[in-house]
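Enquirer: Once you've had a glance at the structure underneath, I'll fire off some questions.
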There are 2 protein chains.
Amino acid sequence: MRGAVLYGPRDVRFEERDEPKIIKPTDAVIRISSACVCGSDLWPYRGIQPIVQPTPMGHEYCGTVEAVGREVRNIKPGQFVVGSFATSDNSCIICQHGYQSSCVQREFMSGAQSPFLRVPLADGTLVPTPDVPSEDLIPSLLTLSDVMGTGWFAADAANVKPGSTVAVVGDGAVGLLGVLSAKQMGAKRIIAMSRHASRQKLAREFGATDIVEERGEAGVERIKEMTKRIGADSVLECVGTQESMTQAINSTRPGGYIGYVGVPHGVSLDGEQLFFSHVHLHGGPAPVRRYLPELIKLVLNGKINPGKVFDLSLPLDQVAEGYRAMDERRAIKTLLRPNGTK
Amino acid sequence: MRGAVLYGPRDVRFEERDEPKIIKPTDAVIRISSACVCGSDLWPYRGIQPIVQPTPMGHEYCGTVEAVGREVRNIKPGQFVVGSFATSDNSCIICQHGYQSSCVQREFMSGAQSPFLRVPLADGTLVPTPDVPSEDLIPSLLTLSDVMGTGWFAADAANVKPGSTVAVVGDGAVGLLGVLSAKQMGAKRIIAMSRHASRQKLAREFGATDIVEERGEAGVERIKEMTKRIGADSVLECVGTQESMTQAINSTRPGGYIGYVGVPHGVSLDGEQLFFSHVHLHGGPAPVRRYLPELIKLVLNGKINPGKVFDLSLPLDQVAEGYRAMDERRAIKTLLRPNGTK
């Protein structure tokens, strides 16, 4: 089969790879329905996170089960499944507490930008849908694997409740789906921070009530103006830079909550500033597996349509263009079709 | 009157000061029943926090109201009151959210190591007891002003619940009262980190089920051994150094909670490490005013006896010895009696 492999900065190749097989008895192999490019793929793509060897890319996936190992109990060939970007046994104490993305057996997935994918710990990582879903639902189901689950975690970690005032830092796909999540959780006011017309439009469609174009201190000042000068109840930090984290902390009211899901790169927090900010801080790799059953229901019932974040759809063999378009911010998020159809 | 004034590192003088008067119509003046030395007083005492001019010391206080300004409604002369180390109007939006120690009108108190004290925003800062309490309850009531309120906030911020496993970093008075707070909140297992026999003894008396003498990585390793290798549900950070904060983060299970109340000095948190630790982080200056009504009840009903942290009682004019004893860790906490009696 042919799949995407990253060789170095801005060097994504679509090349022959071994077809995955069952290696451990707890594995499954799935046929990918759709794959996509994640904002976090751009860190190594841009050379900010070093690549030491050619690396099969892609960790967001859904598809049909082809084969399972002999110890797999709950997942069966022919089922349509959505899985987390982080594997989990879903039974250790950490999983029981709902932090499957820190499972004692966790592995981070890769190689999903391919026609087939081996998924370790299939029983604890994959969630089947009741039936094989219709084609139009695939993009939304795919987002649950990471980007939507991560936006949801950001809102949950930021304690969004009915009536909350929420600010979202970052207008990438995660930030936009953070807006959608906050809306779904009943937020009254949702301030999206974005200076891109197409992203502002989608943010509004997802439930943003206000747009702030300013960044940094000016952005904080605007949030303060809009919140009786105290800051937002909940702030979703969906970028992972020093500037975005500082902006998030300074935009939160004393006693408010920050959910941070942008993988921090070069971020350092000053203990004393954090102390006197009086904020709650929680984040990390999203425990997608915890949320999958609920989010699958919301998609199947038509309550949410997170697949709208895909504004570029390409056949899988054009994966390199998919990265380029996101790197240059021409696309919010790229959907990749292994079968080459639109 | 004569009170304690800090001139520079290890230079506390007991000297003549102006007797406080009502300055603003929202002030009260109280006659101090007992005062004490706070662990945070040791930062400037040790020169770690610079002193630019002679500074009247002391921010923990309780006593009898002598006079009130013309706009004070709820506090009356003759009442016995306990107040927070941070003033608050107890009515702004931040106060309404329970973060009175970040009130828009907040001032940090000082000058309580004196016979009389002016308290701004008396209505929002002071809480009267139903009657004038008996002498033996004064030390416990005094602790509510800061050290006990701070230990309580640490446990609350660390989400201590019935059945929780809790670790407490720091065996100063705040850490010890964090143990007492965790016990009161129903923690099942409370691990106190201490290598001082007298403090270990008090920790056990307050409810610690285990003592860990190791620090740093060895301390973390012991906590892991005691918690099925995942870490504690709740960790109270009651010191404020890089080492103690790192120890707290590494001792908490993924998804667990850290309440940090030691004022951070030179602490820097690595964003990526914090992200992958998956902990909840909350802390800051304790919103003592929020807890005062409940804690006063617990003291008056004999449910808690936090005054036991005072293991040295001195007449106020020996305040310098009170600082020395704490600095040299000969005393956990010094009680100061303005009238000179034991």
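Enquirer: For B:Lys228, place a label point 7 Å out from Cα along the Cα→Cβ vector, do the same in each other copy, and report the separations in nm, one decimal, smallest first.
Expert: Distances between equivalent label points, in nm: 4.4.
Enquirer: Okay, moving on. Let's see if you can work this out: charge +1 on each Lys and Arg Cβ, -1 on each Asp and Glu Cβ, no other charges. What is the dipole magnitude of the stretch A:1-133 about its Cα centre, in debye to the nearest 20?
Expert: 60 debye
Enquirer: Straight-line reach from B:Lys228: which lysines have Cα under 25 Å away, leaving out those fewer than 8 places along the same chain?
Expert: B:Lys228 reaches B:Lys161, B:Lys183, B:Lys188.
Enquirer: Something else: Any idea what log10 I(q)/I(0) is at q = 0.09, 0.10 Å⁻¹ for the protein assembly as shown, Debye with uniform C-alpha scatterers and no solvent?
Expert: For the requested q values the scattering log ratios are -0.80, -0.93.
Enquirer: Taking every alpha carbon pair in chain A, what does the distance histogram look like in 10 angstrom bins from 0, in percent?
Expert: 6, 27, 34, 23, 8, 1
Enquirer: Here is a further query. Output wanted: per-residue J couplings in Hz (rounded whole) for the stretch B:5-21, from phi through Karplus 6.51 cos²θ - 1.76 cosθ + 1.60, θ = phi - 60°, x for Gly and Pro.
Expert: 3J(HN,Hα) across the stretch B:5-21, in whole Hz: 9, 8, 9, x, x, 6, 10, 9, 10, 9, 9, 5, 10, 5, 6, x, 10.
Enquirer: Something else: Return the whole-Å distance between the Cα centroid of the stretch B:199-214 and the Cα centroid of the stretch B:141-193.
Expert: Cα centroid to Cα centroid, the span is 12 Å.
Enquirer: Write down, largest first, the equivalent ellipsoid semi-axes of the stretch B:150-283 in whole Å, where each equals the square root of 5 times an eigenvalue of the alpha-carbon gyration tensor.
Expert: For the stretch B:150-283, the ellipsoid semi-axes come out as 20, 15, 14 Å.
Enquirer: Give me a single rounded figure for B:91-104: the average over its residues of other chain Cβ atoms within 10 Å of their Cβ.
Expert: What the average comes to for B:91-104 is 4.
Enquirer: Wrap a convex hull around the Cα atoms of the stretch A:1-95, take a quarter of its surface area, and give that in square nanometres.
Expert: Projected over every direction and averaged, the Cα hull of the stretch A:1-95 covers 7.3 nm².
Enquirer: Averaged across the residues of B:255-262, what count of C-beta atoms belonging to other chains lies within 10 Å of each residue's C-beta? Can you show the working numbers first?
Expert: Working: counts 14, 3, 2, 1, 0, 3, 1, 2.
For peptide B:255-262, the averaged partner shielding equals 3.
Enquirer: Every other copy gets compared here: list the nm distances from the B:Gly207 label point (7 Å along Cα to Cβ) to its counterparts, shortest first, one decimal.
Expert: 3.7
Enquirer: Related question: What are the ³J(HN,Hα) couplings of the stretch B:306-315, residue after residue, when phi is run through the Karplus curve with 6.51, -1.76, 1.60 and θ = phi - 60°? Round to Hz, x for glycine and proline.
Expert: x, x, 4, 5, 7, 10, 8, 10, 9, x
Enquirer: Can you list, shortest first in nanometers, how far A:Glu107 lies from the same residue in the other copies, with each label 7 Å from Cα toward Cβ?
Expert: Listed shortest first, these distances are 6.3 nm.
Enquirer: Shifting gears a bit: Sorted from fewest to most neighbouring beta carbons within 10 Å, what does the list A:Met185, A:Met193, B:Met57 look like?
Expert: Sorted ascending by nearby Cβ count, the order is A:Met185, B:Met57, A:Met193.
Enquirer: Over 17 Å, how big is the tail of the calculated P(r) for the stretch B:256-342, in percent of all Cα pairs?
Expert: Distances greater than 17 Å cover 70 percent of the Cα pairs.
Enquirer: Would you order B:Ser102, B:Ser91 from fewest to most other beta-carbon atoms within 10 Å of each residue's own beta-carbon?
Expert: So the residues, fewest neighbours to most, are B:Ser91, B:Ser102.
Enquirer: What's the exposure ranking of B:Thr246, B:Thr26, A:Thr334, going from fewest to most Cβ atoms within 10 Å?
Expert: B:Thr246, B:Thr26, A:Thr334
Bear in mind that the values in this text are calculations on the coordinates, not laboratory data. If you're wondering where the values come from, they're calculated on a predicted model, not measured in any experiment. Because the Cβ atoms are built from the backbone with ideal geometry, glycine has one as well, and the counts that use them run over all protein chains shown.
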